[in-house]
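One structure below.
The values are calculated or read from the model by the stated rules, or taken from the named source; none is laboratory data. Because the structure is a prediction, the values reported are computed rather than measured. For neighbour counting, all protein chains shown are included, and Cβ atoms are generated from backbone atoms with ideal geometry for every residue, glycine included. Areas reflect the complete protein model, heavy atoms only, side chains present, ligands, DNA and RNA absent. Shrake-Rupley method; radii C 1.70, N 1.55, O 1.52, S 1.80 Å.
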Amino acid sequence: MKALLLNGSPRQGNTRTALEALKKGMNQLPDMDIQQINAAEAGVSPCIACQVCGSNSYCVADDDTNDILDAVAEADVIVFATPVYWWGMTAQLKVIIDKFYSKVKTLNTLKKKVGVIVIGEAEQDDPQYEIIPKQFECICDYLGWDVVFSKTYTADGPDDLAKSEADMEEIGTLWKLL
Ligand SMILES: Cc1cc2nc3c(=O)[nH]c(=O)nc-3n(C[C@H](O)[C@H](O)[C@H](O)COP(=O)(O)O)c2cc1C
């Protein structure tokens, strides 16, 4: 099984901690091939709405866009993991998701299991923990992908999530849902 983890955080913090715990669990599955893309380090320029992809299904950008889209297409499992920035996912991750537009005619024919992890500083009663999972749900509905887990956590300082035993324990079991 191929898994692609898309990390929206630009720092060594809670999202990376969550993904490390998730990967540790996923490695218990047989034949797992896990690739992680850190959005902040990926060379992906924002969509310019040129619509050229409408005829060739490829992005005209001369950067990492098409390689990343190929990895998205090949993955059986995709995990979107993002800190909350201003009640949304990070811009770094959104830039990559916007580029799904150029390969949508392929992506919406492919079955995928999707996991979502959202981490913000605010407590769990904040509307951001409904807004962001809902956005991923809409994206996945549109593409015909199956969201198998969608989890939100509260953590602020880069080590906060690692200090939460209950959250770390839960993340360590999410692989069972794949
Ligand atoms: C630019 C920016 C915007 C943020 N906006 C929010 C927000 O709207 N809601 C929230 O709960 N936390 C917000 N935060 C806090 C982060 O979501 C929080 O620190 C999170 O744990 C960061 O994850 P990371 O350690 O994986 O980068 C913001 C942080 C930054 C840098």
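Worth pointing out:
- Residues that are β-branched (Val, Ile, Thr), away from the ligand (no atom under 16 Å from the Cβ) and either open to solvent by less than 10 Å² (accessible area, probe 1.4 Å) or within 15 Å of the chain's Cα centre (by Cα) (or both) within segment 105-121 comprise just one, 114.
- With a requirement of 3 or more residues that are over 23 Å from residue 41 (Cα atoms) and of a type in the set (Lys, Arg), none of the helices (runs of 4 or more DSSP H) lying completely within segment 65-178 satisfies it.
- When residue 80 is tested against (1) buried (at least 21 other Cβ atoms within 10 Å of the Cβ); (2) aromatic (Phe, Trp, Tyr); (3) without any contact (Cβ under 8 Å) to a residue 24 or more places away in the chain, just one condition goes unmet, and that condition is (3).
- For segment 44-58, the criterion of being within 16 Å of the ligand (Cβ to nearest atom), surrounded by 15 or more Cβ atoms within 10 Å (Cβ to Cβ), under 17 Å from the mean Cα position of the chain (by Cα) and not small (Gly, Ala, Ser) is satisfied by no residue at all.
- Out of 92, 124, 135, one residue alone is open to solvent by 20 Å² or more (accessible area, probe 1.4 Å), within 20 Å of residue 67 (Cα to Cα) and within 16 Å of the ligand (Cβ to nearest atom). It is 92.
- Test: residue in segment 5-22 that is open to solvent by 20 Å² or more (accessible area, probe 1.4 Å) and away from the ligand (no atom under 13 Å from the Cβ): no
- Every residue from segment 23-41 that is within 16 Å of the ligand (Cβ to nearest atom) and surrounded by 13 or more Cβ atoms within 10 Å (Cβ to Cβ): 23, 36, 37, 38, 39, 40
- On inspection, residue 68 passes the criterion of being buried (at least 16 other Cβ atoms within 10 Å of the Cβ), under 14 Å from the mean Cα position of the chain (by Cα), closer than 23 Å to residue 9 by Cα and free of Cβ contacts under 8 Å to residues at least 60 places away in the same chain.
- Condition check for residue 84: within 16 Å of the ligand (Cβ to nearest atom), under 20 Å from residue 138 (Cβ atoms) and aliphatic (A, V, I, L, M): yes
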